[in-house]
Amino acid sequence: MRRLLSSSSSEGFRLLAKLAFLAAAASLSAQQAPDSPSAISREVKDVFERAAKAVVKIEATDQHGGLSGTGFFVDPTGTLYTAYSVGGEAENLTVEFKGKKYPARQLLADLRSGIAMLKVDLASPALPIGSSEQLEIATPVVAIGYPLDLAETPSFGMIAGFDRKCFGGYFPTKHLRVNLPPQRGEGGAPLLNFKGEVVGILLYTFENNSCYALPIEAAEKIRSDYVRFGEPRYGWIGTNVQEASTPVEGSRAVTTEVMKDTPAAEAGLKPGDVVLQIGRTKVHEPEDILEASFFLTAGDAVPITVVRGNEKITLQIQADLHPSNQTRLAAPPALNRAMPLNLQSSPERTP
């Protein structure tokens with residue numbers, strides 16, 4: 001009987017010890033879990049505290065009256081990005097920085113991408129530039145803006161998609177669809193990864209608590225053009241492309257027309273050539289031409305790899321100025337009132 005009692009007591013003590021160990025392990029795991037609510041809150045707070053100093057409120061006037069939005073510095077000399085809806089066609093631009101207002105001037109306004117670049121004559125902090133190519137579906141992101149005339153405010157969300165079209169219209173390049181609820185005044189806000197790097201610029205908003213952001217690489221392409229030429233220089237080579245019935249080496253993008261007296265014609269591109277790559281952009285579908293054509297710069301030589309019959313050929317084509325560069329497009333009347341959706345009616349397949 002004692003043995004039985006002794007054995008039962010021993011089992012009981014072992015069971016209690018095991019339960020105590022499991023409880024302690026669970027508590028420690030909950031404290032260290034990187035995806036726990038408290039951990040995410042700390043991440044968002046850390047990004048906000050590091051990045052907010054380079055995010056500014058922008059005020060201006062347009063034909064409808066006063067407007068406000070958000071911008072952020074990208075170099076230490078006071079250059080900043082914002083949305084075209086904020087700084088594209090407004091006047092009397094001012095930037096609020098460290099509690100003071102400074103006059104700002106427009107460096108460029110580009111309706112095709114939906115952004116504007118402004119300049120303030122002061123030494124400024126600058127946000128580090130990241131890469132949208134590292135993002136995946138459900139990657140957490142943070143936006144910092146000035147909603148509804150309030151103080152700078154962080155918004156937390158995640159990447160929901162990488163879209164080239166929406167509601168039957170087409171973006172000029174791939175856009176980031178983000179599940180976060182932007183409000184009036186946040187047009188031009190930076191979209192940041194958890195390293196505090198800019199991966200996009202908020203441009204368009206929807207009523208279902210989501211928005212679109214321009215990938216930061218697209219904005220940097222335009223800034224590079226400005227540094228080199230003083231304006232955006234979208235390139236064009238003069239071809240039409242459509243979808244082939246069967247893929248060739250993974251690509252369905254086949255050239256259907258090479259326009260006369262264009263860079264493509266001069267370089268020897270021919271109808272029937274299946275496009276595999278333009279510059280650094282690999283082509284699988286005709287829609288991939290959107291990405292490639294957006295990043296062409298007029299005057300630059302771009303390698304284009306095609307399959308012609310059974311032969312793979314790489315041509316060096318010097319891009320010409322895109323026809324859209326020759327005309328300044330008028331903005332829709334309500335463009336400056338919020339973050340508008342301004343899409344092409346059909347996909348661009350004429351790089």
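The values are calculated or read from the model by the stated rules, or taken from the named source; none is laboratory data. All values reported here derive from a predicted model rather than from experimental measurement. Neighbour counts are summed over all protein chains in view; Cβ atoms, including those assigned to glycine, are modelled from backbone coordinates with ideal geometry. Just the protein is used for accessible areas: all its heavy atoms, side chains included, with ligands, DNA and RNA removed. Shrake-Rupley method; radii C 1.70, N 1.55, O 1.52, S 1.80 Å.
Rolling a 1.4 Å sphere over the protein heavy atoms, what is the accessible area per residue of the stretch 121-271, to the nearest Å²?
In whole numbers, the stretch 121-271 has 44 Å² accessible per residue.
Structure shown: which of Lys282/Lys312; Lys221/Lys312; Lys165/Lys221; Lys174/Lys312; Lys45/Lys101 lie over 23 Å apart, alpha-carbon to alpha-carbon?
Lys221/Lys312; Lys174/Lys312; Lys45/Lys101
How much of the accessible area of the stretch 164-275, probe 1.4 Å, is carbon plus sulfur, in whole percent?
That share works out to 45 percent.
Is the stretch 207-290 best put as rounded, prolate or oblate by its Cα gyration tensor, with a ≥ b ≥ c the root eigenvalues, rounded for a/c under 1.5, and otherwise prolate when a/b is larger than b/c, oblate when not?
Cα axes put the stretch 207-290 in the oblate bin.
Within the stretch 94-174, report the chymotrypsin sites (Phe, Trp or Tyr not before Pro) that DSSP leaves as loop and that have at most 15 other Cβ atoms within 10 Å. Let's see the in-between values first.
Numbers: sites: Phe97, Phe156, Phe162, Phe167, Tyr170; in loops: Phe167.
The qualifying sites are Phe167.
To two decimal places, what compactness ratio does the stretch 90-244 give when its Cα radius of gyration is scaled by 2.2 N^0.38 Å?
Against the compact-globule rule of thumb, the ratio is 1.10.
Using only protein heavy atoms and a 1.4 Å probe, report how much of Thr205 is accessible, in Å² to the nearest 10.
Its heavy atoms expose roughly 40 Å² to the probe.
Treating the beta-carbon of each Lys and Arg as +1 and of each Asp and Glu as -1, no other charges, what is the dipole magnitude of the stretch 181-312 about its Cα centre, to the nearest 20 debye?
Dipole of the stretch 181-312, to the nearest 20 debye: 220 debye.
With a ≥ b ≥ c the root eigenvalues of the C-alpha gyration tensor of the stretch 142-230, is it rounded (a/c under 1.5), prolate (a/b larger than b/c) or oblate? Before the final figure, lay out each step's value.
Details: a/c = 1.70, a/b = 1.21, b/c = 1.41.
Judged from the Cα gyration tensor, the stretch 142-230 comes out oblate (a/c at least 1.5, b/c at or above a/b).
Can you list the residues, at least 5 places off or on another chain, whose amide H is less than 5 Å from the amide H of Leu108, using H built in the peptide plane?
Counting only residues 5 or more places away or on other chains, the set is Met117.
State the three equivalent ellipsoid semi-axes of the stretch 93-164, derived from the C-alpha gyration tensor as the square roots of 5 times its eigenvalues, in descending order and whole Å.
Working from the Cα gyration tensor, I get semi-axes of 27, 17, 13 Å.
Starting from the Cα of Arg308, step 7 Å along the direction of its Cβ; do the same at Glu285; then give the gap between the two resulting points in nm.
Between Arg308 and Glu285, the simple spin-label model gives 2.8 nm.
Compute the whole-percent fraction of alpha carbon pairs in the stretch 275-315 spaced more than 13 Å apart.
51 percent
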